[in-house]
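Have a look at the structure that comes next, please.
The values are calculated or read from the model by the stated rules, or taken from the named source; none is laboratory data. For clarity, every value in this text was computed on a predicted model and none was experimentally measured. Here Cβ is always computed from backbone atoms with ideal geometry, including for glycine, and neighbour counts include all displayed protein chains. Keep in mind that these areas ignore ligands, DNA and RNA; they rest on the heavy atoms of the full protein, side chains included. Shrake-Rupley method; radii C 1.70, N 1.55, O 1.52, S 1.80 Å.
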Amino acid sequence: MIGGLAFLMLTHSGPIPSASNGLVKGIANGKDMTVTEVTSKFRRLWIKPPRLPPRLSPAEKGHNGSSILDSDKLNTMSEWTSRQGKVKEAFIHAWSGYRNYAMGYDELMPLSRRGVDGLGGLGATIVDSLDTAMIMGIDEIVSEAGTWVEKHLSKRIFEKGQVNLFETTIRVLGGLLSAYHLSMGEQGMSGDWGSSITFKGPKSEVYLETAKDLADRLLSAFTSSPTPVPFSDVFLRDHSARLAPDGLSSTSEVSTLQLEFNYLSIISGDPKYGMEAMKVLEHLRTLPKVEGLVPIYISPHSGEFSGENIRLGSRGDSYYEYLIKVWLQQGKDRDGHLKYLHEMYEEAMKGVKHLLVQKSIPKGLVFVGELPYGSNGAFSPKMDHLVCFLPGTLALGATKGITKKKAMEGNLLTFEDLENLKLAEELAKTCFQMYSVTSTGLAPEIAYFHVEGVSDGGLDGGNKSSEYLNDIIIKHADRHNLLRPETVESLFVLHRITEDPKYREWGWQIFEAFEKHTKVDSGGYSSLDDVTTVPPHRRDKMETFFLGETLKYLYLLFGENNVLPLDKFVFNTEAHPLPIN
Ligand code: DMJ
């Protein structure tokens, strides 16, 4: 243990990332800082001991609490602690780029070193990053981000025009709610997530009050609609909402609001938020489905699904994720009136296995395809990277967040759970292979799988040494990478649940590929145009979810499993942890 800590302190006093190394002008709290100030600020931050020291499990402690770990185990622990430190460095580098060039904008354009408002202008990167900084114990960033929220966010909410209901809920509302809880919002909840740090920055009530103000305006999307299906866009400044231009909402968007609105009702004591959001799921329950699967569009006007396109990728994904997560959020009350969510989830997963899961040839990778023309139309062997949320969700649904070992010992797993867990492991392998098959080691946005009867050419320009080269087809238009989190999210959940170390190793390979190909010297990380060429052409955008999700999940994957335990916390679809009731 002492060896591990000493190692970490050494690591942390090493070179600091280039963006914070005086190459760029630093800005903190809106004020310009000199190069030396920036450098010394980050060096101070760097040499701090870790906030969350490794904790030993009861099995690792002797009777009197003394360590009985052998040196191999200690080395392994310090290796993962050191890797966790690298993820923290990456987060600081990403934040530095954003803070220096784009503070107050939604996103950083890391190549042109400026900001862009692609999400309605609520400083989305700041709010999305806040709880990651808390989890990593980076006080300076918590303080910078929290101070910005306190000084500017209410005004922005008051002034701004059109925002998307779903994106604003999962990123901004979700980020505020999580920051509220992690900064000890609820009396007596101190430290329930694995840390009891008191952060600099505003009091937790600031996050709650801002969340309420935002949600009060977002509610107009529900109240303006003639059905329980909300409109997709909200005008914040005048509390009004409107349909998307084509009159349709995405099924995943209308069904991925409930964790956030439910939790806001709990902490505010006002049931209106949860009530409005839950009406959507109650309504979806009544609609006809295909073996539990749903089309990706829905009309707020008629309340009916539109078209027949069924997929677990874009516009469909988090419908399935929230069925099980909103049910898990109920804690002890899971057998109460929300039991129908578990039933809908179970039926949908049966439908996935029956209608969407196939194996590629020649090597037999298990993947989830699509039914673009419904169950009577042809199967498409196309899988979005977005579908890689599914392994984590399946594993979580099977054990309800406890380890597989504990669930087996308690005889808690049904046949269905075991089958889902197996599928989760197979799909996680496929998602990882979507990375390792390319020459950058990073996944494309979309992959096709080689199946009998489909004669698309194989991968062109990928990693020629991969044994899955002939199984995975990457079309030219799909070769970009947006720094997405889904695969590392699933690796994190699967590592917690199965305790299999391979998931950490896979996560580390992915992290190294991000470091090698997406890091921008002047600060931040960039998306890529083509993951099959080296060096890859870069795309001028750092998505907020790289800080909110990707780096958070990698940090948690390499860390101790008593931080944000999965049977006590449920992560919203943007990786903002909320406590289970
Ligand atoms: C995030 O905003 C969320 O994870 C959402 O559910 C899907 N898309 C992005 C990340 O890829």
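By how many nm would the segment from His301 to Asp117 grow when fully extended, if each residue of separation counts as 0.36 nm and the alpha-carbon distance is taken off?
Numbers: separation 184, 0.36 × 184 = 66.24 nm, distance 2.94 nm.
Here the segment from His301 to Asp117 would lengthen by 63.3 nm.
Right, here's the next one. In terms of Cα to Cα distance under 20 Å, which aspartates and glutamates are near enough to Lys289, apart from those fewer than 8 places away along the same chain?
Those aspartates and glutamates meeting the cut-off are Glu253, Glu304, Glu308, Asp317, Glu321, Glu343, Glu346, Glu347, Glu370.
Follow-up. Restricting to lysines 8 or more places apart or on different chains, can you count the pairs in segment 357-471 with Cα atoms under 19 Å from each other?
So the count of such lysine pairs works out to 14.
Can you give me the distance in nm between label points at Lys464 and Thr414, each placed 7 Å from the Cα along the Cα-to-Cβ direction?
5.1 nm
How large is the helix-only mean residue ellipticity at 222 nm for the chain, computed as the sum of -39500 (n - 2.57) over DSSP H runs with n ≥ 4, divided by its residue count, in deg cm²/dmol to the nearest 500? Mind dumping the intermediate values first?
On the way: 20 runs with 243 residues, N = 581.
Helix-only estimate at 222 nm: -13000 deg cm²/dmol.
Now a separate question. How much accessible surface does His93 have with a 1.4 Å probe, in Å² rounded to 10?
0 Å²
Let me ask something additional. Counting Lys and Arg as +1 and Asp and Glu as -1, each charge on the Cβ, what is the dipole of segment 227-378 about the Cα centre in debye, to the nearest 20?
Once rounded to the nearest 20, the dipole reads 400 debye.
Leaving out ligands, DNA and RNA but keeping every protein chain, what accessible area does His337 have, in Å² rounded to the nearest 10, with a 1.4 Å probe?
150 Å²
Would you please give the FRET efficiency between Thr533 and Glu159, computed as 1/(1 + (r/R0)^6) with r the Cβ-Cβ distance and R0 = 45 Å, to the nearest 0.05? Spell out each step's value before the answer.
Numbers: r = 43 Å, r/R0 = 0.96.
With a Förster radius of 45 Å, E is 0.55.
Just the accessible area per residue of the chain, please: how many Å² with a 1.4 Å probe?
That works out to 37 Å² per residue.
List the residues of segment 306-334 whose backbone N lies under 12 Å from a point placed 7 Å from the Cα of Glu347 along the Cα-to-Cβ direction.
Within reach of a label on Glu347, which here means backbone N under 12 Å from a point 7 Å along Cα→Cβ, segment 306-334 contributes nothing.
Here's another thing I want to ask about it. Counting only protein heavy atoms and using a 1.4 Å probe, what share of the accessible area of segment 291-381 belongs to carbon plus sulfur, as a whole percent?
Roughly 46 percent of what the probe reaches on segment 291-381 is carbon or sulfur.
Roughly how much of Glu321 is accessible, in Å² to the nearest 10, using a 1.4 Å probe?
It works out to around 0 Å².
Sticking with this one: Please report, as a whole percent, how much of the solvent-accessible surface of segment 428-514 comes from carbon and sulfur atoms (probe radius 1.4 Å).
Answer for segment 428-514: carbon and sulfur cover 45 percent of the accessible area.
Here is a follow-up. If you average the sequence gap of Cα pairs under 8 Å that are 6 or more apart and divide by the length of the chain, what percent do you get for the contact order? Display every interim value, and only then the final one.
Numbers: 1147 pairs, mean separation 88.4, N = 581.
RCO, the chain: 15 percent.
Separate question: Leaving ligands, DNA and RNA out of it, report the carbon-plus-sulfur percent of the accessible area of segment 149-235 at a 1.4 Å probe.
Roughly 50 percent of what the probe reaches on segment 149-235 is carbon or sulfur.
When Lys and Arg each count +1 and Asp and Glu each count -1, what net charge do the other residues less than 10 Å away from Gly548, Cβ to Cβ, add up to?
Details: positive: Arg171, Lys552; negative: Asp128, Asp131, Glu543, Glu549, Glu574.
Net charge around Gly548: -3.
Run the reach check for Lys475 against aspartates and glutamates, Cα to Cα strictly under 14 Å, same-chain hits fewer than 8 apart removed. What comes back?
Asp384, Glu445, Asp456, Asp460, Asp529, Asp530
Can I ask one more? Taking Cα pairs under 8 Å and at least six residues apart, what relative contact order does segment 129-215 come out at, in percent?
42 percent
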